[in-house]
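The values are calculated or read from the model by the stated rules, or taken from the named source; none is laboratory data. For clarity, every value in this text was computed on a predicted model and none was experimentally measured. Cβ placement follows ideal geometry from the backbone for every residue including glycine, while neighbour counts extend to all protein chains displayed. Protein only, heavy atoms only, side chains kept; ligands, DNA and RNA dropped before computing areas. Shrake-Rupley method; radii C 1.70, N 1.55, O 1.52, S 1.80 Å.
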Amino acid sequence: MLTGIYSEETHLPQPLRISITVDMIPPERFAPDTPLSASKSYIDLKHAATGALPIGVHFTLIEGVADHIAETLFIGDPRVRRVEIEIVKLAIAEADERIGITMVRHRA
């Protein structure tokens, strides 16, 4: 992902760890034979965090990346009510540090 404001960040892709939590309107109950369409596919979440991000676009702030992911999920499924995105910048972390942001967005 192209992100960052410092000169050492602006010309190289930055490795990010992205975690997504989605709150959505569930069906009344999940029976043993409930189809996948009643849930949120993990493939959709992965797509929002990878494939849906524009190639070659530089995000100055990782908050912009988080907003893009949230918007992708809201547009893709009207049942999604809340999205929590945690982004950790792996290139600047040392040892077990988790340097990054957590952003929560609610459907307007």
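Within the range 8-42, restricting attention to residues that are more than 12 Å from the chain's Cα centre (by Cα) and among the hydrophobic types (A, V, I, L, M, F, W, C), the residue that is surrounded by the most Cβ atoms within 10 Å (Cβ to Cβ) is M24. Residue count for the range 72-94 satisfying the condition of being among the aliphatic types (A, V, I, L, M) and free of Cβ contacts under 8 Å to residues at least 60 places away in the same chain: 5. The one condition from (1) closer than 30 Å to I99 by Cβ; (2) at pLDDT below 90; (3) open to solvent by 70 Å² or more (accessible area, probe 1.4 Å) that L2 does not meet is (3). Take A49 and decide whether it is under 14 Å from M103 (Cβ atoms) and small (G, A, S). For A49, the condition - under 14 Å from M103 (Cβ atoms) and small (G, A, S) - is met. Within the range 35-56, residues that are outside any loop (DSSP other than H, G, I, E, B) sit with their Cβ atoms under 7 Å from residues that are of a type in the set (S, T, N, Q), at 6+ positions apart or across chains, in these pairs: A48/T72. Would you confirm whether or not the range 13-28 contains a residue that is small (G, A, S), modelled with pLDDT of 90 or more and part of a strand (DSSP E or B)? The answer is yes; a qualifying residue exists. Scanning the range 59-101 for residues being hydrophobic (A, V, I, L, M, F, W, C), crowded, with 16+ Cβ neighbours inside 10 Å and assigned to a helix (DSSP H, G or I) gives a total of 7.
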